[in-house]
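The values are calculated or read from the model by the stated rules, or taken from the named source; none is laboratory data. Worth saying up front: this structure is predicted, and the values here are computed from it rather than measured. Accessible surface is based on the protein model in full, side chains and every heavy atom, while ligands, DNA and RNA are left aside. Shrake-Rupley method; radii C 1.70, N 1.55, O 1.52, S 1.80 Å.
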Amino acid sequence: MSTEVQQRTAPSGVTALRRITVPTELGPCTVRVRDGMGAESGKAHVYLHGAAGSWTTFLPLIADGPGNDRLLLDLPGWGDSTQGARLRNASVEAMASAVVEVLTALGYREWNMVGHSMGGFIALHVAAAWPKQTVSVTTISATTFGVSAAIRQPWRLRLPYFAGMLLLMRSTAVFGHAGMTLIRRVGTTPLMCLLLSPLFADPAAIPASVIHRLAQDARPASFRAAARAAALYDVNQFQNISCPVLAIRGDHDVFTPVSDLERLATLGAHVRTVTIPRCGHFAAVEQPDAVRGLVDEPRQR
């Protein structure tokens with residue numbers, strides 16, 4: 001497959017980042033790059049957002065300074081990678097392959113993966129499928145075992161808030177663009193603050209701009225596709241992970257139960273788990289300093 005890299009001007013207020021679009025088997029993938037040592041070093045820190053997010057999820061974690069390049073992806077189907085996305089093919093494996101397509105096209109040979117929610121799930125598969133290239137993985141509230149079980153067996157009423165959000169996304173996805181527009185309009189009202197409050201340990205402390213951003217990032221059809229992908233994934237593939245893994249969750253997380261971290265820890269001594277106090281599903285919003293410190297810890301094989 002031929003690769004065409006399109007470089008565009010970074011959005012206003014994010015002048016330190018370059019915007020690049022790379023074609024993949026799942027559709028175009030837009031990437032923001034915070035330059036470090038450059039692709040010639042062969043290494044990058046790669047950030048993968050969740051099913052209700054975009055590249056902006058990680059802005060609180062990105063600081064200027066030396067080091068490897070930092071790549072913030074909009075996965076095909078989300079953010080600026082919505083046009084031309086082939087969601088019917090969006091398995092966990094296919095999304096991970098799209099990530100590696102991007103990294104390979106840009107000249108990287110090794111990477112440290114950082115993933116939030118669904119992005120953590122994908123990061124773990126990248127580590128399992130590309131063990132030589134993956135130096136480390138940090139997951140922030142990865143939606144793995146618990147969410148997969150809740151989707152496959154909804155009658156057991158696991159993770160009720162996730163079940164409710166999935167029902168909402170499936171319902172609005174039926175209406176296509178109109179459904180997405182409805183969510184965005186509700187996102188400008190106090191009702192959205194109420195609907196999203198379970199995602200945070202201290203909802204009253206969350207700026208309205210964060211709530212509005214989450215509403216803008218909502219992609220009901222993509223969320224539905226991600227849920228289908230999670231339900232169909234064989235988690236036994238995680239047994240192939242050999243690099244250091246740091247699995248983080250908030251102590252008020254309604255999507256990532258503590259049992260998910262306990263199960264990841266059974267993979268071996270290369271897995272470390274951390275629960276951050278006073279924190280829900282969006283740790284980068286509620287406890288950015290704690291998360292940044294953990295993400296930037298040096299971890300080698």
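Which percent of the accessible heavy-atom area of the chain goes to carbon and sulfur, probe 1.4 angstrom?
Numbers: 7290 of 12990 Å².
Heavy-atom surface of the chain belonging to carbon and sulfur, 1.4 Å probe: 56 percent.
Once every DSSP H run of n ≥ 4 in the chain is given -39500 (n - 2.57) and the sum is divided by its residues, what mean residue ellipticity at 222 nm do you get, rounded to the nearest 500 deg cm²/dmol?
Numbers: 11 runs with 108 residues, N = 301.
It lands at -10500 deg cm²/dmol.
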Share (percent) of C-alpha pair distances in the range 160-294 greater than 18 Å works out to 63 percent
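Compute the accessible area per residue over the range 151-252, keeping the other protein chains in place, probe 1.4 Å, unit Å². Present the calculation step by step, with values, prior to reporting the outcome.
Details: 5350 Å² over 102 residues.
Per residue, the range 151-252 has 52 Å² of solvent-accessible surface.
Can you give the relative contact order of the range 61-179 as a percent, counting alpha carbon pairs under 8 Å and 6+ residues apart?
Values: 109 pairs, mean separation 18.4, N = 119.
Over the range 61-179, the number comes to 15 percent.
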